[in-house]
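Read through the structure below, which is laid out as structure tokens, and then see the notes.
The values are calculated or read from the model by the stated rules, or taken from the named source; none is laboratory data. Because the structure is predicted, anything quoted here is derived from the model rather than measured. Cβ atoms come from the backbone with ideal geometry, glycine included; neighbour counts cover every protein chain shown.
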Amino acid sequence: MGNYSPRLLVKYNVELKKQLQKKLKINNFMRLPKIEKIVLNMGLGSAKDDKNTFKQALKELTTITGQKAVGTKSKKAISNFKIREGDLVGARVTLRRSNMYEFLDRFISVTSPRIRDFRGLKSTGFDGRGNYNFGITEQIIFPEINYDEVNSIRGLNITVVTSAQNDYEAYELLKSFGFPIQDYKKGRKNKVIIEESHIKETPSEETPSEEAQVEKKTIESEEAHKQEHSDNAESISSIEKEKNNGKKI
């Protein structure tokens, strides 16, 4: 057992490094992305009232991962949820090295096909820093769980932390392991707020504002209309005078 190495770790060192180097166009081997840790987190809202629920959750996480789970406590008091500071609110496990690769291998090969109506995990779970988050709604999909001993259905959140510098590198890393994830959309743009583009320049004293220009144009058009009306009136009066003179003659 001293020389044992997980299957996915051997595959990463022998095959995947070269493939990622060509696909991501990275020259330095030390710069290639790799999985650093996997964190499983289970929230337990009723843990502070029911101690058996908390013990059962710890037992299930320990059975799933093969590593002892620990409880998580609230950092501050929230009166709306009737939670005091230091109350037990969940359980978590952090996997590294061999345990991490063994769990990943079991999840890809055995656990993910047991998910109901499974069509692949969504590729929108990346956080922008190369980490991937996804949720599991039922803990009974793990084959290590004995269904007869389950007292209630509980979900959990799984976070895969990588050394990738962006989401696309993390996606290619997980995809190379055979991770059941949907296609990554390269055209998806991150929301960037540029305040400078929304700053409007204040009008200077030399250049009049748009409202002043519009008001000036309306005044000029009214004056022109009045002048035209007066010219038409003068022309009509002159024609009438000529008619009258013609009648007298």
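For K68, work out the one condition from (1) closer than 27 Å to T162 by Cα; (2) surrounded by 12 or more Cβ atoms within 10 Å (Cβ to Cβ) it doesn't fulfil.
(2)
Among the listed residues D105, D183, D167, D148, which satisfies the condition of being in the same structural domain as T53 (by TED's automatic domain parsing), surrounded by fewer than 16 Cβ atoms within 10 Å (Cβ to Cβ), acidic (D, E) and on the phi < 0 side of the Ramachandran plot?
Selected residue: D148, the only one of D105, D183, D167, D148 that is in the same structural domain as T53 (by TED's automatic domain parsing), surrounded by fewer than 16 Cβ atoms within 10 Å (Cβ to Cβ), acidic (D, E) and on the phi < 0 side of the Ramachandran plot.
If a residue has to be among the aromatic types (F, W, Y) and closer than 12 Å to I35 by Cα to count, how many in the range 96-138 make the cut?
2
State which residue is surrounded by the fewest Cβ atoms within 10 Å (Cβ to Cβ) when the search covers only the range 132-143 and only residues that are part of a loop (DSSP other than H, G, I, E, B) and modelled with pLDDT under 85.
My answer is P143.
Failed condition for K75, given (1) part of a loop (DSSP other than H, G, I, E, B); (2) in contact (Cβ under 8 Å) with a residue 12 or more places away in the chain, with all others met?
(2)
Just give me the residues in the range 71-104 being at pLDDT 85 or above and over 26 Å from the mean Cα position of the chain (by Cα), in sequence order.
Hits for the range 71-104 are R97, S98, N99, E102.
Return yes when F29 is among the aromatic types (F, W, Y) and within 25 Å of the chain's Cα centre (by Cα) and no when it is not.
The answer is no for F29.
Hey, can you tell me all the residues within the range 108-131 that are touching a helix residue (DSSP H, G or I) at 6+ places or on another chain (Cβ under 7 Å) and either under 12 Å from P180 (Cβ atoms) or surrounded by fewer than 17 Cβ atoms within 10 Å (Cβ to Cβ) (or both)?
If the condition is that a residue be touching a helix residue (DSSP H, G or I) at 6+ places or on another chain (Cβ under 7 Å) and either under 12 Å from P180 (Cβ atoms) or surrounded by fewer than 17 Cβ atoms within 10 Å (Cβ to Cβ) (or both), then T111, R114, I115, F118, S123, G128 are the ones that fit.
Can you spot a residue in the range 95-102 that is in a helix (DSSP H, G or I) and hydrophobic (A, V, I, L, M, F, W, C)?
yes
Hey, among the residues in the range 142-172 that are aliphatic (A, V, I, L, M) and over 20 Å from T94 (Cα atoms), which one's farthest from the chain's Cα centre (by Cα)?
So the residue we want is V150.
Of the numbered conditions (1) buried (at least 17 other Cβ atoms within 10 Å of the Cβ); (2) over 30 Å from the mean Cα position of the chain (by Cα); (3) in contact (Cβ under 8 Å) with a residue 40 or more places away in the chain, N52 fails exactly one; give the number of that condition.
(1)
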